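A.B. asks: My questions will all concern the structure given below.
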Amino acid sequence: MTINEAQLIEATIKFVKTELKHAEGGHDWFHIERVYKNTLLIAKQEDVNITVVSLAALLHDIADPKFNNGDETIGPRVASQFLLQENVSSEIIEHVTQIIENMSFKNSFDLNPSFSSKEMEVVQDADRLDAIGAIGIARCFNYGGFKDRALYDPEIKPNLNMSKAKYKNSAAPTINHFYEKLLLLKDQMNTKTGKKIALERHNYMEGFLKQFYAEWNGEK
């Protein structure tokens, strides 16, 4: 990475920290920082443009649709405007915004994805790793509390056949989200490094759920 590229990354970090200063705890700067670190870790084993993956990781949640009335255009637009101000090339801006537009789990409901790249696979894995394991569990319940959702309701079963629209509008208990997303991510990882780490974190979540149900049912 050149001096100019390093300066761009520093400027991006500063911008993201400011923009997400009051963000919900599971989608704040610290989430971005973890995804960025995961991205750099995975990228060591992949042939990718490090500037593209770094920028995409740092800007991927700059305006999450969940906190913007479901509008999926705001994030890519904010990212694009920032990168234009930083005089980033049009090719990199296009690649970064395409990654932001297409990397979300909800887009896995689309049978014919409109975009893919090795860079997106790396950032997507990095983001999904932060959704599973110990931190993934913490983020899941943090967001459930933010949305005032029940922890668990045995009468409300997970919906494993949701459409993209139903997934986006779901208000199911937090435990259901494990089955509707988190436990599915292990088999959706793209890279060798991502798959290895995801397996470890997946097993941790399964242990958590076993303990959760035992405590819920008064077994221990």
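A.B. asks: Please arrange ASP148, ASP61 by counting, for each residue, the other beta carbons lying within 10 Å of its beta carbon, fewest first. List each step's numbers first, then the result.
C.D. replies: Working: ASP148 7, ASP61 25.
Least to most surrounded, the residues fall as ASP148, ASP61.
A.B. asks: While we're looking at this one, here's another question. Charges on Cβ only, +1 for Lys and Arg, -1 for Asp and Glu, centred on the Cα centroid of region 3-216; of THR12, HIS22, TYR213, which one is farthest towards the dipole's positive end?
C.D. replies: Going by the Cα projections, it comes out as TYR213.
A.B. asks: Next question. Among ASN176, ASN102, ASN203, whose mean-square fluctuation peaks in a Gaussian network model of the chain (Cα, cutoff 10 Å)?
C.D. replies: Comparing ASN176, ASN102, ASN203 in the GNM, the peak value goes to ASN203.
A.B. asks: A follow-up question, please. Explain nothing, just the number: relative contact order of region 89-220, from Cα pairs under 8 Å at least 6 residues apart, as a whole percent.
C.D. replies: On the way: 108 pairs, mean separation 35.9, N = 132.
Computed value for region 89-220: 27 percent relative contact order.
A.B. asks: OK, next. By counting other Cβ atoms within 10 Å of each Cβ, how are ASP47, ASP125 ranked from fewest to most? Show your work: numbers first, answer last.
C.D. replies: Details: ASP47 7, ASP125 27.
Neighbour counts put them in this order, fewest first: ASP47, ASP125.
A.B. asks: Based on the Cβ-Cβ distance of GLN85 and GLN188, what FRET efficiency does E = 1/(1 + (r/R0)^6) give at R0 = 35 Å, to the nearest 0.05? Show your work: numbers first, answer last.
C.D. replies: Numbers: r = 34 Å, r/R0 = 0.98.
Efficiency for this residue pair is about 0.55.
A.B. asks: Using the Cα gyration tensor of region 18-91, with a ≥ b ≥ c the square roots of its eigenvalues, what is the shape: rounded (a/c below 1.5), prolate (a/b larger than b/c) or oblate (neither)?
C.D. replies: Working: a/c = 2.05, a/b = 1.24, b/c = 1.65.
Here region 18-91 falls in the oblate category.
A.B. asks: Same structure again: Which residue, ALA150, ALA79, ALA131, tops the fluctuation ranking in a GNM of the chain built on C-alpha contacts under 10 Å?
C.D. replies: Answer for the Gaussian network model of the chain: ALA150.
A.B. asks: Now for a separate question. Considering only LYS210, LYS196, LYS106, give the residue with the highest GNM mean-square fluctuation for the chain, with springs between Cα atoms whenever their separation is below 10 Å.
C.D. replies: The residue that fluctuates most here is LYS210.
A.B. asks: Determine the dipole magnitude for the chain: charges of +1 sit on the beta-carbon of Lys and Arg, -1 on that of Asp and Glu, nothing else is charged, the reference point is the Cα centre, and the result goes in debye to the nearest 20.
C.D. replies: Working: 26 positive and 31 negative charges, 112 e Å.
Its charge dipole is roughly 540 debye.
A.B. asks: Moving on. How high is the relative contact order of the chain, in percent, counting Cα pairs under 8 Å that sit 6 or more residues apart? Kindly include the intermediate steps, with their values, before the conclusion.
C.D. replies: Details: 239 pairs, mean separation 43.2, N = 220.
Taking the mean separation of contacting Cα pairs over the length of the chain, I get 20 percent.
A.B. asks: I would also like to ask the following. Provide the convex hull volume over Cα atoms per residue for region 3-216, in Å³.
C.D. replies: Residue-normalised Cα hull volume stands at 117 Å³.
A.B. asks: Hey, fewest Cβ within 10 Å first, where do HIS95, HIS60, HIS27, HIS22 land in order? Don't skip to the end; give the middle numbers.
C.D. replies: Details: HIS95 21, HIS60 27, HIS27 18, HIS22 6.
Placing the least packed residue first, the sequence is HIS22, HIS27, HIS95, HIS60.
A.B. asks: Could you sort out which of LYS164/LYS220; LYS17/LYS210; LYS17/LYS44 sit more than 32 Å apart by Cα distance in this structure?
C.D. replies: On the way: LYS164/LYS220 38 Å; LYS17/LYS210 37 Å; LYS17/LYS44 25 Å.
The answer is LYS164/LYS220; LYS17/LYS210.
Here, each number is a calculation from the coordinates, and none is a lab measurement. All of these numbers come straight from a predicted model, not from anything done at the bench. Note: ideal-geometry Cβ built from the backbone for every residue, glycine included; neighbour counts use all protein chains shown.
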